[in-house]
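What follows is a single structure, written as structure tokens, with notes after it.
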Amino acid sequence: MKIIPVTLWIYGQAFGRAWDCVRRNWVVSFAPLVYGVGLSLAGLLIGPLGIVGGLLFNLARLACVSSGLYLIENMVRLGKANFDDFLKGFTAYFWELVQISFILWIPMQVLGMVLASTPNGALIYFLIQITLYILLNPVPEFIYQTRSSGIELLSASYNFIVENWIEWFLPNIIMTVAGYFFLNFLSVLTFGLPGFLQLFIVVFGFGLCLTYFMVFRGFLFAELHGTTRRSRIYRYNARNAG
């Protein structure tokens, strides 16, 4: 059962490094707010364009995701991120994200049409979406830490989850639940304040939680990827001995 203290040690390392990183880069927590405002404006401008507008909006959304991943990458890799990283990030992983979206979009569209006339088709489609979410959960980390792309990235994500599903999902679930209750508590705490101030505090709290969550995932992924439980035990023993 040596793997339990080893895994807890890995969690502690990731939690501590993420806390220190976010503390020194707390301004990044405003990025989700900026993305949200930008996408809202984009929706107003290109919404009337119909299908073309929907396509452009999805491309803008992927550009925002690319920027966010680039910010997280710099925080995890270098310990800092700045406004230049925010701007450069819109194109950093844009095409990788477009490629992955396209690879998944076609089979999901076909599957949706097939299941549309199938009894309980909606439930089956939902369960497939949940399965994909589980198997492809570490895709963001694979994109900015391994430079994998396309089918190779999807395969690598699947293999990672098969080998590390307990170590990966346990803290992810705990932090998601904790973040949910924290944001609810923040909403209650700010009740009665002017609307704009309450919204600002809650949105900033969301950005802070999301930033910490993604940075933690980045550090945890770096610890788990390319290692085995046996090698982690060996490294744990070696560091303790040192």
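The values are calculated or read from the model by the stated rules, or taken from the named source; none is laboratory data. Here the structure is a predicted model, which is why all the values come from computation and not from measurement. Neighbour counts are summed over all protein chains in view; Cβ atoms, including those assigned to glycine, are modelled from backbone coordinates with ideal geometry. Surface areas here come from the heavy atoms of the whole protein model, side chains and all, with no ligands, DNA or RNA. Shrake-Rupley method; radii C 1.70, N 1.55, O 1.52, S 1.80 Å.
With a ≥ b ≥ c taken as the square roots of the eigenvalues of the C-alpha gyration tensor of the stretch 135-225, please select rounded if a/c is under 1.5 and otherwise prolate if a/b is larger than b/c or oblate if it is not? Judged from the Cα gyration tensor, the stretch 135-225 comes out prolate (a/c at least 1.5, a/b above b/c). Ligands, DNA and RNA are left out, and with a 1.4 angstrom probe the accessible area of the chain is 59 Å² per residue. For the stretch 55-101, carbon and sulfur atoms together expose 66% of the accessible surface, with a 1.4 angstrom probe and every protein chain in place.
Roughly how many Å is it from the Cα centre of the stretch 76-146 to that of the stretch 174-224, as a whole number? Cα centroid of the stretch 76-146 versus Cα centroid of the stretch 174-224: 22 Å apart. Helical content alone sets the calculated 222 nm signal of the chain at -29500 deg cm²/dmol, taking -39,500 (n - 2.57) per DSSP H segment of four or more residues and averaging over every residue. Relative protection proxy for 67-73, 35-41, from highest mean packing down: 67-73, 35-41 (other beta-carbon atoms within 10 angstrom).
From the protein chains alone at 1.4 Å, what is the descending order of accessible area for Val203, Val162, Val65, largest first? All intermediate terms of the calculation are to be shown ahead of the outcome.
Details: Val203 40, Val162 80, Val65 60 Å².
Largest accessible area first, the residues go Val162, Val65, Val203.
Shape of the chain from its Cα gyration tensor (a ≥ b ≥ c, root eigenvalues): rounded if a/c is under 1.5, otherwise prolate when a/b > b/c, or oblate? The shape class here is oblate. Legend: helices of the chain (whole DSSP H runs) are marked when their alpha-carbon atoms reach 20 angstrom or more along the helix axis and their mean Kyte-Doolittle hydropathy is at least 0.5; marked are 31-46, 51-78, 94-116, 121-135, 150-189, 195-224.
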